[in-house]
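Each remark here refers to the structure printed beneath this line.
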Amino acid sequence: MNIHPKLQAITERLIERSQTSRARYLERVAQSAKIQPSRNVMGCANLAHAYAAAGNDQFRLKVERAPNIGIISAYNDMLSAHHPYAHYPERIKAQARKLGATAQVAGATPAMCDGVTQGYAGMELSLFSRDVIAQTTAIGLSHQVFNGALLLGICDKIVPGLLMGAVAFGHLPALFMPAGPMTTGIGNDEKAKVRQRYATGDASREELLESELKAYHSEGTCTFYGTANSNQMMLEFMGLMLPGSAFINPATPLRSALDDGAVTQLLANIHQPELNMAQLVNEKSIINGVIGLLATGGSTNHTLHIVAIARMAGIELRWEDMHDLGEIIPLLARVYPNGSADVNQFHAAGGLAYVIAQLRSSGLLHDDVDTVVSSTMGKGMAAYTQEPYLDGDTLKWRAGTTHSLDETIIRPIDKPFSPDGGLKLLKGNLGNSVIKTSSVKPAHRVIRAPAIVFESQAELQTAFEKGELHDKDFIAVVRFQGPKSNGMPELHKLTPPLGVLQDRGQHVALVTDGRMSGASGKVPAAIHVSPEAVDGGMIAKVHTGDWMTLDSEHGVLQLEVPEEELNARAMAQKPVAETEYWLDLFSVARKNVGRAELGATWLIEDTK
């Protein structure tokens, strides 16, 4: 397969840039593999603690030295996507026993739901929970009585955190086990319309709640294409879960067969040292993850997460790389909020197997990579162009569809929705930021208007409710929302009011050092402005009335203030706001977190 020359050049640039940091990472992983205690040499008292509650598995652990799987679970029964995991440990253990192995729950990680905390204090620790999850994953695996890890997690910060923790234990093989999306509820367009009607006072709170409950109605992942489902896409594009397993619904025979198959596959990989996490998470697999993000119109949160994951593996991915890839990767899918379909409809129309096949056939995906199924289905991404099915009770794979079953949802590469992936890097005198344009209509992709400055999303919502934003064009600047300021909460609740104004014919946009979530939608939003306001960012010098240009066509975000005047202005100070006392537990994260463009992590020292 001939690789697109620009894809090749971007990858080679990344490999060259990462040469020193990647070599250091691989050296440390090799040292860990060399000095790690194993059950053959660990002290008897240490082993006794590990075996004490193993019941009938004790004999296999201490006499047969059977392979032992460590389960890291993000189960809780409040988060719909993770509710199915309640019974996974026993199923995994049963399958492992059938294959002469054992499994133990090595640890649990926190799993918060951004949908619950959206707009409230909990969102101020949401991003930081990713790094906490990475740490708790490492705590679970630190017992070092495991030969491999099964990672049970789906949603927003949870998968990136699990992956970062697993990469830190790069000498071990690992494999992700998704639980699948909930079945389809009401249509996404209908849900969005009720939200906008509520924002204008035309729908009651009872009507809004009824609509939301019809959309989010059972166990499983939310069906829109936000960060959770973008995570599942990324894991398939990186070859870290079984092919075609991302979007199979919970509590179905095929889902159960895939769960058993994941255990079987991991046990096969334990005897393949080249399939450990350090080898699987490399420059090319990271690039493949970015390509998937662009081709499917995935979550803007991954402009943070993929960067942080890469840095954990010694790979210095930058927004420039993602932007440059976006110029050659076409948009092949339209899934809400980038369309009206949900992930179940996307999967039925051809899904990830079709997208991967289209990219692969055009040289727009790295195929010379190992995946978690390389030992059984062959090296490269061909396995991920197949779909799982049941032949009686036997799990098998067959070729995915060779044509789209619904071109309003998914298209062939020679007839894309857009020639580019719709994720842009914006540069200017405010610093760097990113914008997702795949769901923004062309008429709204360039806006020049005066700024209206807000120090919180609540201020903007209040101004909207008072009618202060009606009948005018403007760019809303919402600052002091970065990771050092308040944990970088998602500002998704700003979408309905700004969407209402845009629908009324006003030209509006958002500029912020905060996040806009995986549900970034039709209003142009320059997000993740870096440096942020409390870190010396020029966004702290914007005044209401300043003219600004947001040009996503040419990658420009510019404050139209003379340089001399801008330099002479004082930085705005973060307003003192009442906050929840328990947020002080995360003050160490706020003090040490890095810039958004470096992944907004406090686990890795900034080097740029």
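The values are calculated or read from the model by the stated rules, or taken from the named source; none is laboratory data. These figures come from a predicted structure and were not determined experimentally. Positions of Cβ are generated from backbone atoms using ideal geometry, with glycine treated the same way; all protein chains shown enter the neighbour counts. Note: areas computed on protein heavy atoms with side chains; ligands, DNA, RNA excluded. Shrake-Rupley method; radii C 1.70, N 1.55, O 1.52, S 1.80 Å.
The residues in the range 308-365 that are touching a Gly at 6+ places or on another chain (Cβ under 6 Å), open to solvent by less than 10 Å² (accessible area, probe 1.4 Å) and part of a loop (DSSP other than H, G, I, E, B) can be counted, and the count is 2. The requirement of being among the small types (Gly, Ala, Ser) and in contact with a strand residue (DSSP E or B) (Cβ under 8 Å, 6 or more places away or on another chain) is fulfilled nowhere in the range 370-378; no residue meets it. Residues in the range 440-483 that are in a loop (DSSP other than H, G, I, E, B), under 27 Å from the mean Cα position of the chain (by Cα) and more than 25 Å from Met571 (Cβ to Cβ): Val440, Lys441, Arg445.
From the list Lys34, Lys93, Lys6, the lone residue that is open to solvent by 90 Å² or more (accessible area, probe 1.4 Å) and in a helix (DSSP H, G or I) is Lys34. Is it the case that some residue within the range 40-57 is in contact with a Phe, Trp or Tyr (Cβ under 6 Å, 6 or more places away or on another chain), open to solvent by less than 30 Å² (accessible area, probe 1.4 Å) and either modelled with pLDDT under 90 or part of a loop (DSSP other than H, G, I, E, B) (or both)? So far as the range 40-57 goes, no, none of its residues is in contact with a Phe, Trp or Tyr (Cβ under 6 Å, 6 or more places away or on another chain), open to solvent by less than 30 Å² (accessible area, probe 1.4 Å) and either modelled with pLDDT under 90 or part of a loop (DSSP other than H, G, I, E, B) (or both). Residue-level analysis places Ser404 among those that are more than 23 Å from the chain's Cα centre (by Cα) and surrounded by 18 or more Cβ atoms within 10 Å (Cβ to Cβ).
Taking the range 412-434, which residues are in contact with a Phe, Trp or Tyr (Cβ under 6 Å, 6 or more places away or on another chain) and of a type outside the set (A, V, I, L, M, F, W, C)? Residues satisfying the conditions do not exist here.
Within the range 162-215, the set of residues being among the polar types (S, T, N, Q) and open to solvent by less than 40 Å² (accessible area, probe 1.4 Å) comprises Asn188, Ser211. Across the range 211-232, a minimum of one residue is classified as modelled with pLDDT of 95 or more and under 25 Å from His171 (Cα atoms).
Tell me whether the range 21-30 contains one or more residues that are over 31 Å from the mean Cα position of the chain (by Cα) and buried (at least 16 other Cβ atoms within 10 Å of the Cβ). Within the range 21-30 (the criterion being over 31 Å from the mean Cα position of the chain (by Cα) and buried (at least 16 other Cβ atoms within 10 Å of the Cβ)), the answer is no, since none of the residues qualifies.
Taking each residue of the range 4-15 that is closer than 13 Å to Ile329 by Cα and looking for partners that are among the hydroxyl-bearing types (Ser, Thr, Tyr) and loosely packed, with under 14 Cβ neighbours inside 10 Å with beta-carbon atoms closer than 6 Å, six or more apart or interchain, yields nothing. In the range 270-280 there is at least one residue that is at pLDDT 95 or above, open to solvent by 10 Å² or more (accessible area, probe 1.4 Å) and not in a loop (DSSP other than H, G, I, E, B). Taking the conditions (1) open to solvent by less than 50 Å² (accessible area, probe 1.4 Å); (2) in contact with a helix residue (DSSP H, G or I) (Cβ under 9 Å, 6 or more places away or on another chain); (3) in a strand (DSSP E or B) in turn, Trp397 satisfies each one other than (1).
All of Tyr75, Tyr85 fail the test of being under 20 Å from the mean Cα position of the chain (by Cα), aromatic (Phe, Trp, Tyr) and in a helix (DSSP H, G or I), apart from Tyr85. Of the residues making up the range 513-545, those that are of a type in the set (A, V, I, L, M, F, W, C), at pLDDT 95 or above and touching an Asp or Glu at 6+ places or on another chain (Cβ under 7 Å) number 3. Search the range 447-460 for residues that are in contact (Cβ under 8 Å) with a residue 40 or more places away in the chain and pair each with any residue that is among the aromatic types (Phe, Trp, Tyr) and surrounded by 18 or more Cβ atoms within 10 Å (Cβ to Cβ) when their beta-carbon atoms are under 8 Å apart and the residues are at least 6 apart or on different chains. Short answer, once both residue conditions are applied: Ala449/Phe474; Pro450/Phe474; Ala451/Phe474; Ile452/Phe474; Glu455/Phe480; Ser456/Phe480.
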